[in-house]
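First up is the structure itself, then whatever we jot down about it.
Here, each number is a calculation from the coordinates, and none is a lab measurement. Please read these numbers as outputs of a predicted model, since none were measured by experiment. Quick reminder, even Gly has a Cβ in these numbers, built from the backbone with ideal geometry, and neighbours come from all protein chains shown.
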Protein chains: 2
Amino acid sequence: MKKTLLFTLLCLVFIQVAIAQTLESPNGELVMQFSLQEDGTPVYSLTYKDQAVIKPSKLGFDLRDEKDLLSGFSISETEESTFDQTWEPVWGEEKEIRNHYNELEVNLLQEETDRNLIIRFRLFNDGLGFRYEFPQQGSLGHFVIKEERSQFAMAGDHTAFWIPGDYDTQEYDYTESKLSEIRETMETAITANLSQTSFSNTGVQTSLMMKTEDGLYINLHEAALIDYATMHLNLDDEKMIFESWLTPDVNGDKGYLVAPTVSPWRTIIVSDDARDILASKMTYNLNEPIAIEDPSWIKPMKYIGVWWEMITGKSSWNYTDEFKAVKLGETDFEAAEPNGKHAANTEHVKEYIDFAAEHGFDGVLVEGWNIGWEDWFGHSKDYVFDFVTPYPDFDVAEIQNYAESKGVKMIMHHETSSSVRNYERHLDTAYQFMNKYGYPAVKSGYVGDILPRGENHYSQWLVNHYQYALEKAADYKIMVNAHEAVRPTGIARTYPNLIGNESARGTEYQSFGGSKPNHVTVLPFTRLLGGPMDYTPGIFEMDLSKLNPENDSKVNSTLANQLGLYVTMYSPLQMAADLPENYMRFPDAFQFIKDVAVDWDKSVYLEAEPGDYVTVARKEKGSTNWFVGNVNGNDARTARINFDFLDKGKTYIATIYSDAPSAHYRMNPQAYEIKKYRVDSRSKLSQLSAPGGGFAISIKEADKTDAKDLKKL
Amino acid sequence: MKKTLLFTLLCLVFIQVAIAQTLESPNGELVMQFSLQEDGTPVYSLTYKDQAVIKPSKLGFDLRDEKDLLSGFSISETEESTFDQTWEPVWGEEKEIRNHYNELEVNLLQEETDRNLIIRFRLFNDGLGFRYEFPQQGSLGHFVIKEERSQFAMAGDHTAFWIPGDYDTQEYDYTESKLSEIRETMETAITANLSQTSFSNTGVQTSLMMKTEDGLYINLHEAALIDYATMHLNLDDEKMIFESWLTPDVNGDKGYLVAPTVSPWRTIIVSDDARDILASKMTYNLNEPIAIEDPSWIKPMKYIGVWWEMITGKSSWNYTDEFKAVKLGETDFEAAEPNGKHAANTEHVKEYIDFAAEHGFDGVLVEGWNIGWEDWFGHSKDYVFDFVTPYPDFDVAEIQNYAESKGVKMIMHHETSSSVRNYERHLDTAYQFMNKYGYPAVKSGYVGDILPRGENHYSQWLVNHYQYALEKAADYKIMVNAHEAVRPTGIARTYPNLIGNESARGTEYQSFGGSKPNHVTVLPFTRLLGGPMDYTPGIFEMDLSKLNPENDSKVNSTLANQLGLYVTMYSPLQMAADLPENYMRFPDAFQFIKDVAVDWDKSVYLEAEPGDYVTVARKEKGSTNWFVGNVNGNDARTARINFDFLDKGKTYIATIYSDAPSAHYRMNPQAYEIKKYRVDSRSKLSQLSAPGGGFAISIKEADKTDAKDLKKL
């Protein structure tokens, strides 16, 4: 009798295990449930304060060549644990980051095939991360993913801020629509790019930001994307279920894996306060700790560059217009006729160096310095650049010496034209060249279709490449700012020499027809969650015909908005992108760019609503200075903030750079005001931001004498 | 009146130019005619001693994205010139090679597109070479070849020795058939390979050997294949016209070119004496002169290797059978259970080194020394080898020291498993590792399907890679012997560190079911024209079940044939492929392998008929020694040779290693005889070779005393 009871109890326990496992976040507000369906299909769901975030959603894989990993599973073991640790990033928005989660490891056995699969869940106060793990085993070695089938079942027809799913570009404006409207809006959302491949009219990219009718903010993304295909989300817009859609290789396969291995983390960040999404460090926390033993050479930089004049068409990257095509090592550039528009010449670069030195910039980027730009894209050209040979008018050593004498660092530029084999072949010599001439950082670029042909910017082959270039750069103590590469997924925690990425629609599009005025109020909710963006803010002249009469593009932003970006768009690498002469026309406004920090001890998100506004206060690293930034969406709005983030009892001087009342991103973008106030932790501010506008505040501690003539806010 | 006449004359000249240009070989026996058809299509034809070799055949290209380069041409200029120069190869069959040809450069203009195309013909006494040249011009920069349309119109239904056209392998037995029979024989001709892609049932590979009913020998091939897709030939078997069929990339495109550039040379070697085909150096002559300033480090080698025991299945490349898959850097090989069959272990390798030292071999190759062989092919695995990490039982430094103390060089092995990106990433460190440990040469391998996926072994992408690996090896003073790479096209003239290639069906197939007994009588007419082959001869034990009871394969060759191969299969890199213990069973026959040279001052082809027999005499470099080799086809035959290649008035001792009368490749392969004679330049020899048999003769100068007891031949 006793024995029978014990047996029954055991069975109950076992069935309990098989039916549902519950995991709570440390604060109890998030609850994840895991279970197996009757057919052995893994299913999870997620609630936040008892509201459904993810309805029961299936997990698994379709495999090529062998039985799928979708059903027929039983639970062989589960394990719960708690983790709580604080780590210090090399650079970042915060001095310290707390990594605190409860974990559930579910060991699954697919009996029919004797294959083991682990699903690991980590539940933080700000969201859920889960990944697949394929342990070493006798019945699973090499396998090919036909598709990952991770579902994210939405609880309603949420509002989403999305860009079209694409294997090759993220450089789209965001569309705000109901999930049910994605299909009908897709065609409009897909705008032209030099390399693009859409796949579904309900396919969108991550990070995907959503808002529910009940005021929940939900973000879907991934973390630690290493040697795996980039995840997109494809929506079943009848059931409102997103499913993972990996970027295929040339054969349509979605990943070649070798056990033991793991997938990236799939992340669901959730809160009823939009500011929590911006403050979330979950994506970083799901990455491995730093892999660089001594990261002391990794240093945030504020920089200018010989760049915007080419982007606007005022100058050219190429040196000559004489040739239909050029061949490195064969074309005689010394004998070629210069086109007279080549910006990367020694004399002109020295002017930039002078400007950088005078105004305290750390670095100068120069694009178009190396031979090959005459036919650099659109030709599927293999040997397009060698990354070490300058044009005849660019004297590397002289420039380097000059910069060094002025205390300025030169920033290297490696456009690869997506000829990735060629780049990898030259990587060592290119990095050695940088070391030799003292370049601490490189901006790399992947414009155009990928070589090897048939591969995509976001397929496993390329994800593997970007990581290879990054890790090799670390060997050479080089910082990387990769453009057109895959969007970051928190990898900078492990390799903090990844100080920037583009991987979204940056300022350059303001010269290619313009971006939506509220674009910059969405990016912090999406693109920036995985890592900093080299957005290249700081444009003061919005009418680009003033730079190049043939460019009729307008920058859809006010000048004050451009200043706000230095705080709202967190990055350890910040450019002042406009031409020196445009800054000299507005020296008082330019002062903010000179003053603003690029590394922080603390960040406080004061106001946030995706598509509408973001206001953030940040405390400069190792300083008592604070900086506040606001960017505003399509409609005028008054920000109401209080300064209780300041140390109590201290007095500060706040310099507010704001839109003038008449400002408007299109009609009157350069109308700004600068006002100074005395502030303390009890101060409050109501500040108007124009459509496409914003403001920036620098706050410096002051003794009372300095501040006594200033009006108190 | 006078003016009119002059005008008429000029017109005649012009028309003459437009109608036909004639080019003669230096000796006048070959005549090439070039003309434009009425529609401006370039056409050429070739005769040898007034017999048609190539009937009028069209030249040109189909291009992707733009108008073809097939017709609409006019001749803008032609230029004739003569070239006569002698050069000394670093290694080879001859001490000096004469490069003597008459050249016709035809400058064509396609008026409709304003594009210029040059066709350059070089007519030697042994054949014709022509190539396309795309000069720098304003109307042609980057272009994509859809297909090269070079025709080779045959004058009859010749007998051909062919292997199936294939984008990934040349490892086929030759089929002898009429051209008209290729179609019906194709299916049988295509045998299994680990990576293979056929494309047409009348598609064959070059070098293609043919014989006409009138006794002309015609060989079609290419020279100087650099950064261009490998050419196959597709037969229109109604008209008997071969047309070039390039190896496509993943998209089906056949080449991405940037003007100025040139195509490889298309070659037609022709003679009424089969021996002239073997002696032809035209393929080398069409390549550029040596690009290595000081080639003194390039040295021919005779070597043994830890190889045949794995090929036969007696031993294994991999160290352990414990894992379904391994991951470099993660799998703990130190802790793994050895499978007990791993041949590349320190102790065993030392035995090979001892054997090499004792018998005067220059080098020892060891395969399977580095981690990764557990799952090395068939999985499309990217990071399959790192080329520098040995298995726990292989002590690189100890082996290197031991070899050095014995005066033996170790030969490196780099199997890439066709994961080409991975190889390129590791190339510098792998070559540096070789330099560090004193390895002078590397055998590289490309087994299995290519990564990047969708590319083929012979597409432009890969041709570019093999050249990259070769040129980088030269930077490190490393000699390369590339297996499964594209067949050579004389590139070793320019980069003589390419001391070997496989790129054909080598001895290994004798362990995989066997090759045709007459295979080695065809290879000198085909595969060897472009460069030496690491055929790995010297198998003494033909019954492979003696090595591995599970291997029922038989080597289709007599032992004497194996000896003959050291002379007939010219290579500066010659292996003695069998196990040391098998050589010790036949020390008298083994003596020939020990004695035979690997570099030559002179070669005299005594007898030759493709598919039937090859007999050649070669004079050792810097020595008075001669060696003669004969390989025989399917039927017994008596070779009748005279020794007039010897210096007049000198006496020599000839040691003849021949088939015993009872020998037969299948029934009695190890029956051989060794006889010594006194010979001089008047000596003659009638020597029987068995089916699949052959003989080898070493001839050493002797004073009359030494030779006096020997019978005179």
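What the table shows:
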| item | result |
| --- | --- |
| Per-pair calculated FRET efficiency, R0 = 22 Å: A:Ala397 and A:Ala335 via Cβ, rounded to 0.05 | 0.50 |
| For chain A: rounded, prolate or oblate by the Cα gyration tensor [a/c cutoff 1.5] | oblate |
| The stretch A:369-430 shape via C-alpha gyration tensor axes, a/c threshold 1.5 | prolate |
| Hypothetical label at B:Glu358: residues of the stretch B:569-612 whose amide nitrogen lies under 18 Å (7 Å Cα-Cβ projection) | B:576-595 |
| ³J(HN,Hα), Karplus 6.51/-1.76/1.60, whole Hz, each residue of the stretch A:540-551, x for Gly, Pro | 9, 9, 8, 8, 6, 5, 5, 8, 9, x, 8, 9 |
| Copies compared at B:Thr41 - label distances in nm, ascending, label defined 7 Å from Cα in the Cβ direction | 6.1 |
| Using a 7 Å Cα-to-Cβ projection, A:Ser623 label spacings across copies, nm, ascending | 7.9 |
| Ranked B:Val555, A:Val388, criterion: other C-beta atoms within 10 Å, fewest first | A:Val388, B:Val555 |
| Three-way shape label, the stretch B:558-713, alpha-carbon gyration tensor, a/c 1.5 | rounded |
| Per-residue average of Cβ from other chains inside 10 Å of B:133-142 | 3 |
| Identity and axial distance of the chain B residue whose Cβ lies nearest the axis relating B to A, Å | B:Pro452, 2 |
| Distance between the stretch A:496-513 and the stretch A:70-134 - C-alpha centres, whole angstrom | 32 |
| Nonlocal amide H pairs with A:Glu502, under 5 Å, H built at 1.01 Å | A:Ala482, A:His483, A:Glu484, A:Ala485, A:Asp534 |
| Neighbour-limited loop hits for trypsin sites (Lys or Arg not before Pro), the stretch A:234-313 (at most 12 other Cβ within 10 Å; DSSP other than H, G, I, E, B) | A:Lys239 |
| Which of B:Ile182, B:Tyr391, A:Phe134, positive extreme of dipole for the protein assembly as shown (C-beta unit charges) | B:Tyr391 |
| Dipole of chain B [Lys/Arg +1, Asp/Glu -1 at C-beta], most positive-end residue of B:Ile539, B:Ala702, B:Pro661 | B:Ala702 |
| Signed unit charges on C-beta, dipole axis of the stretch A:2-285, positive-most listed residue A:Ala160, A:Phe34, A:Ala224 | A:Phe34 |
| Extension gain (nm, one decimal) between B:Phe83 and B:Asn548, 0.36 nm per residue minus Cα-Cα | 161.8 nm |
| Pairwise label distance in nanometres, A:Thr389 with A:Asp157, each label 7 Å out on the Cα-Cβ vector | 6.0 |
| Too-long pairs where the Cα-Cα distance tops 18 Å, listed order kept, from A:Lys675/A:Lys700; B:Lys650/B:Lys675; A:Lys406/A:Lys472; A:Lys381/B:Lys146; A:Lys409/A:Lys472; B:Lys648/B:Lys704 | B:Lys650/B:Lys675; A:Lys406/A:Lys472; A:Lys409/A:Lys472 |
| Karplus-derived HN-Hα couplings along the stretch A:492-502 (A = 6.51, B = -1.76, C = 1.60, θ = phi - 60°), whole Hz, x at Gly and Pro | 5, 5, 7, 10, x, 6, 7, 8, x, 8, 9 |
| At most 12 other Cβ within 10 Å, DSSP loop - GluC sites (Glu not before Pro), the stretch A:122-223 | A:Glu213 |
| Per-residue Cβ neighbour rank within 10 angstrom, fewest leading, B:Glu374, B:Glu398 | B:Glu398, B:Glu374 |
| Which of A:Thr175, A:Thr705 has the fewest Cβ neighbours within 10 Å, and the rest in rising order | A:Thr705, A:Thr175 |
| Euclidean distance between Cα centres, the stretch B:200-255 to the stretch A:537-607, Å | 61 |
| Mean residue ellipticity (222 nm) of the protein assembly as shown, computed from DSSP H runs ≥ 4 via -39,500 (n - 2.57), nearest 500 | -5500 deg cm²/dmol |
| Electrostatic dipole magnitude of the stretch B:123-163 [Cβ: Lys, Arg +1; Asp, Glu -1; Cα centre; debye, to 20] | 160 |
| Distance from the stretch B:441-474 to the stretch A:270-335 (C-alpha centre basis), Å | 32 |
| For the stretch A:2-285, size of Cβ-based charge dipole, Lys and Arg +1, Asp and Glu -1, in debye | 720 |
| Within the protein assembly as shown: Cβ-based charge dipole about Cα centre, in debye rounded to nearest 20 (Lys, Arg +1; Asp, Glu -1) | 1400 |
| Pseudo-label separations to other copies for B:Asp272 - Cα-to-Cβ vector, 7 Å, nm | 10.2 |
| Candidate lysines for bridging to B:Lys49, where Cα separation is under 27 Å - those fewer than 8 sequence places away on the same chain excluded | B:Lys58, B:Lys178, B:Lys211, B:Lys239, B:Lys281 |
| Nitroxide proxy distance, nm - points 7 Å out along Cα→Cβ at B:Thr22 and B:Thr41 | 2.4 |
